[in-house]
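Novice: Provided herewith is a single structure, encoded as structure tokens, for subsequent inquiry.
The values are calculated or read from the model by the stated rules, or taken from the named source; none is laboratory data. It should be emphasised that the depicted structure is a prediction, and the values quoted were computed from it without experimental measurement. We place every Cβ from the backbone using ideal geometry, glycine too, and count neighbours over all the protein chains shown. For the accessible areas, the whole protein counts, side chains as well, though only heavy atoms, and no ligand, DNA or RNA atoms are used. Shrake-Rupley method; radii C 1.70, N 1.55, O 1.52, S 1.80 Å.
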Amino acid sequence: MKNRNWLLAFCSIVLTPTLSVASAENGNQDAQSPKSISALPGGFYYDRHRIDVSNLREFYEGVMIGDMMIHADGMFDATTKWKMTLYQMVRGGSRHFQARSAYQLSRLGVRNNEIHAIWQPDYIETIEDERIKAAFTLIDAVSVLPANVTADTHALLRTHFIDRQIAELIELASYNASNAVYDNVLPIPTDQTTIDWATENLRAVGWSIGPNVSRDKDEQRQQLFAGDLMEKAYKETLASWDREDLSAPLANFASDWLNIVTGYDVSRVTIDRDDDGVEDPYDAYPLDGERWAQERTFINNRPDPRTPPFDVARFDKPYYVAPVVPETRYPFSDRIRFDTNWNRQNSMGTSRIEDYFAAGDRALPMKFLWQVFVVYQLSSGCTHCQVHGTRWLYEFLEGEHEGGPVPDEAMGDIYDLFDFERSKRFGERERAAMRFARDAGPLPGKTTPGHIEELRRYYADREIQELMMLIVAGSRLASGQQANVTVTDRTSMAWALRALPQVGWRPGSHLGLPQEQRRLFMSEIEMAALPIVMAGKEFDFASEWVGLTVPLATDTDGDGVDDTFDGFPRDRSRWEDTDRDGIEDRRDSDIDGDGLSNQRERELGTFPYKADSDGDGVLDADEVSGGTNPIDPRNF
């Protein structure tokens, strides 16, 4: 129960960098340029496999499951999604995932000239298909500055796609964002096959291995998780998943894909006999739930004594900027309809990632992890994430004061995160983790080998793994929620509007219309679920969290499109029939069946793929005949 509550809590978070695009890109060039690596604080990365998140089996297998599901054929074909992935990695500065995505496209039969074109600054303008161009517009915004996703971005997407397609685009962008962050904060030592292919085939676009090169072959991945390997793994997950189970249980791999891909020889057994959150292979006291580390746990983790201290002044920059809601032609409406939780299939990977994070106190105490998380989201700019992170910290404070009123001075545990460098509440150990989170927050990230070496001064590998895991999971969830511009639940937003303005906080665009709000905060969902679960009944967390009925993931014809969204659920060759009138959308003069032709909708500025463009409960045709505005949810 506790795990699931944390899953849902963490499912509610999003990402928006506070730096300008130019400054973020310039900072990334410093971190990625091979010529400047040795000059960075701490020099080269080393021993990366020891703190790679893949050492946390459940977490990394969750990433792999999400990776497979998001890139499988579905409402968008795999080739199109790999092109979007490559574009996002080019924009995000991830050398490893640039090579990986380009190689995968090559395996799908895409020619090199098409692959190279994705590196061009004007690539989106060269796309002839207006629908695909609209999809790339979202990917472009999420790649570097997710705050660029506005009501007008959503309106453009609704002109071309049904809600479920938009959800798939958001999921794609958010998973890719987490991968880019992962590679930026701890550059992945790329497998030799991919290096060889990319060196030969991407020379024309100036690709180089950069910081993904390794001095230590033990760090290097053994294989690329793509092509035939990914296809086989995908089939294994489908074979172990009951699509009609409301709880969307975790899929299982028959093969040991983690070690096949990484070659790290990670134990398949993750037993934790003393239930302290630290698995036995990492636990020096596997039968003592009160302690897990001893001195020698840290001995081999110290940087070279000649390594200079971390240059605080160089990185001590403002990392919270109050959001500005841009003026748009269209108002936000009905955002909950394409919330990322609509797809139960992709929730399998997310569940594994977040259940692992949320298992309770682990090597690091949960309150401290939430503090680091809040710093990360203050830097990323996601106000929705900031609300939920600070709200959870407030519940910790309430617990410390036995549920009574929290004294004003205790709120410094939250307020001081806005300027942790000068707070007396935190020592150098805490600041090291917060600096790491702060500088990983922008897209592209601004972390360096110096950040990792500073962490090594204070933390064991197992603790650094948790900090890495927090950043990667937080970025995935944050990017998705920002792309969706999720409306924060009423309990959390009401609390934030009372408690946070005194430190300059503002809600941004995550403050929305009542019908868009999720109903419950996580602790409220737990209270609702407890009696049902205790009675032995199944609780539909996904639907309760979103506030709408999230359909089952049944896919009768196996075409990657759930029956609920498939106009032809027994025909693998087609699925698009938005209004279910038996006419494929590409041949239908009124795609959404609202009584207004597609041409008329374009003239009116309404959305051809949405019968109720503004989500106010009144069909577009009825609003037009009644004289109200069909694209304004406040006017009906």
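Novice: Just to check I understand the Karplus step: with θ = phi - 60° and J = 6.51 cos²θ - 1.76 cosθ + 1.60, what whole-Hz values come out for region 290-304, glycine and proline as x?
Specialist: 8, 8, 9, 10, 10, 4, 5, 4, 9, 4, 7, 10, 7, x, 3
Novice: Let me have the 222 nm mean residue ellipticity of the chain computed from DSSP H runs of 4+ only, each contributing -39500 (n - 2.57), with the sum over all residues rounded to the nearest 500.
Specialist: -14500 deg cm²/dmol
Novice: Can you work out the Karplus-derived ³J(HN,Hα) for every residue in region 321-338? Use 6.51 cos²θ - 1.76 cosθ + 1.60 with θ = phi - 60°, whole Hz, and x for glycine or proline.
Specialist: Rounded to whole hertz, the list is 10, 4, x, 10, 7, x, 6, 9, 6, 9, x, 5, 7, 6, 5, 5, 5, 10.
Novice: Suppose R0 equals 51 Å. What FRET efficiency, 1/(1 + (r/R0)^6) with r the Cβ-Cβ distance, do ASP288 and SER597 give to the nearest 0.05?
Specialist: Efficiency at R0 = 51 Å is approximately 0.10.
Novice: May I pose another question? Please list, in chain and number order, the residues 5+ apart from ASP555 or on another chain whose amide H is under 5 Å from its amide H, with Hs placed from the backbone.
Specialist: ASP563
Novice: Once fully extended, how much extra length lies between ASN635 and ARG425, figured as 0.36 nm per residue of separation less the alpha-carbon to alpha-carbon distance?
Specialist: Length gained, ASN635 through ARG425: 70.7 nm.
Novice: Let me ask you something else. In Å and on Cα atoms, what radius of gyration and Dmax does region 483-609 show?
Specialist: 20.4, 57
Novice: Search the structure for amide H atoms under 5 Å from the amide H of LYS317, placed 1.01 Å from N in the peptide plane, and list their residues when 5 or more places away or on another chain.
Specialist: Result for LYS317 returns nothing.
Novice: Between GLU398 and ILE132, how high is the FRET efficiency from 1/(1 + (r/R0)^6) when r is the Cβ-Cβ distance and R₀ = 45 Å? Nearest 0.05.
Specialist: 0.40
Novice: Full-extension gain between GLU524 and SER589, please, as 0.36 nm times their residue separation minus the C-alpha to C-alpha distance.
Specialist: My answer for the length gained is 18.9 nm.
Novice: With a point put 7 Å past each Cα toward its Cβ, work out how far ILE271 is from GLN515 in nm, to one decimal.
Specialist: Result: 5.5 nm between the two label points.
Novice: Using 0.36 nm per residue of separation minus the Cα-Cα distance, give me the extension gain between THR549 and SER240 in nm, one decimal.
Specialist: Extending this stretch completely gives an extra 108.8 nm.
Novice: Please sort 261-274, 58-71, 472-485 by packing, taking for each peptide the average over its residues of neighbouring beta carbons within 10 angstrom, highest first.
Specialist: Sorting 261-274, 58-71, 472-485 by mean packing, highest first, produces 472-485, 58-71, 261-274.
Novice: Sort region 229-301 into rounded, prolate or oblate with this rule: let a ≥ b ≥ c be the square roots of the eigenvalues of the Cα gyration tensor; rounded if a/c is under 1.5, and if a/c is not under 1.5, prolate when a/b is larger than b/c, oblate otherwise.
Specialist: oblate
Novice: Name the long-range amide H neighbours of SER240: under 5 Å, sequence gap of 5 or more, or other chain; modelled H, no Pro or chain starts.
Specialist: ASN252
Novice: With each label point set 7 Å from Cα along the Cα-Cβ vector, what nm distance links ARG302 and SER208?
Specialist: My value for the distance between the label points is 3.5 nm.
Novice: Suppose R0 equals 30 Å. What FRET efficiency, 1/(1 + (r/R0)^6) with r the Cβ-Cβ distance, do PHE44 and ILE260 give to the nearest 0.05?
Specialist: 0.65
Novice: Which whole-Hz couplings ³J(HN,Hα) result when phi for each residue of region 66-82 is put into the Karplus expression 6.51 cos²θ - 1.76 cosθ + 1.60, θ = phi - 60°, listed in order with x for Gly and Pro?
Specialist: Result, rounded to whole Hz: x, 4, 5, 5, 6, 9, 6, 4, x, 6, 10, 6, 4, 4, 4, 6, 5.
Novice: Let me make sure I get this right: for region 439-529, a, b and c are the square roots of the gyration tensor eigenvalues over alpha carbons, sorted descending. Under 1.5 in a/c it's rounded, otherwise prolate if a/b > b/c, else oblate. Which is it?
Specialist: Here region 439-529 falls in the prolate category.
Novice: Roll a 1.4 Å probe over the protein chains and send me the accessible area per residue for the chain in Å².
Specialist: The answer is 38 Å² per residue.
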